Amino acid sequence: YDEAVGKVDAAWAMKRCIAGEAAARGFDPRITNSEGATWSSTVGATAFATSGGFAGGYRGSYASFYVEPLCDDNTDPVTPKKRNGYWWTGSRFLAELEDPEAIGREAARRTVATIGSRKVETQECPIIFATDIARSMVRAYGMSDKLGLTSFEPAHHPLWIDGGESARGDHGEAI
């Protein structure tokens with residue numbers, strides 16, 4: 001629980017949103033618009049009591065910040081497209097959130113990386129997932145025991161691509 005999360009007011013959150021969106025829009029001239037930036041926080045309490053005399057409880061907090069820029073993809077002039085990307089940060093502790101400008105820049109980098117993307121024919125092929133995607137898939141499908149993983153640290157497992165070069169050289173994006 002972090003008391004600071006509950007003390008955030010709308011003006012403070014708005015400044016972070018404006019800073020994150022401005023960083024995204026200033027990252028690359030191909031970023032032409034934005035779906036915006038979102039600040040979210042929650043503070044709550046849970047209590048539990050039984051007829052046997054047990055009583056207990058705890059408080060919790062969570063805050064997150066999200067930026068979603070847009071870019072124009074004119075790779076195919078016949079069918080130009082708007083492309084979007086995003087990035088976010090979240091934590092139970094306010095001080096652990098990443099800087100809004102860093103979130104905006106990463107969101108913009110991911111958005112620009114979608115320029116020129118295209119559908120591929122159905123096929124069997126290897127896939128490299130970004131660290132956050134791979135980690136959530138392993139957890140969601142309960143695969144950590146099957147893979148013999150006790151840690152989700154990218155440096156310890158070649159399964160994770162974290163800021164390194166993937167086969168396509170694009171800093172770990174899914175291919």
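The values are calculated or read from the model by the stated rules, or taken from the named source; none is laboratory data. Bear in mind that the values here come from a model prediction, so they are computed numbers and not experimental data. When we count neighbours, we look across all protein chains shown, and the Cβ atoms used for this are built from the backbone with ideal geometry, even at glycine. For the accessible areas, the whole protein counts, side chains as well, though only heavy atoms, and no ligand, DNA or RNA atoms are used. Shrake-Rupley method; radii C 1.70, N 1.55, O 1.52, S 1.80 Å.
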Inset, instruction - Report the net charge of residues surrounding Asp73, where surrounding means a beta-carbon distance below 11 angstrom and charges are Lys +1, Arg +1, Asp -1, Glu -1. - result: +3
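Run the dipole for segment 1-153 about the Cα centre, Lys and Arg Cβ at +1, Asp and Glu Cβ at -1, nothing else charged, and hand back the magnitude in debye, nearest 20.
160
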Inset, instruction - Using only the alpha carbon atoms of segment 32-86, find the Kirkwood hydrodynamic radius as the inverse mean reciprocal pair distance, in angstroms to one decimal. - result: 15.4
Legend entry - Zone of Ile115's modelled label, taken as backbone nitrogen in segment 52-94 under 19 Å from a point 7 Å along Cα→Cβ: 68-87
Inset, instruction - Could you order Arg92, Arg83 so the one with the most accessible surface comes first? Probe is 1.4 Å. - result: Arg92, Arg83
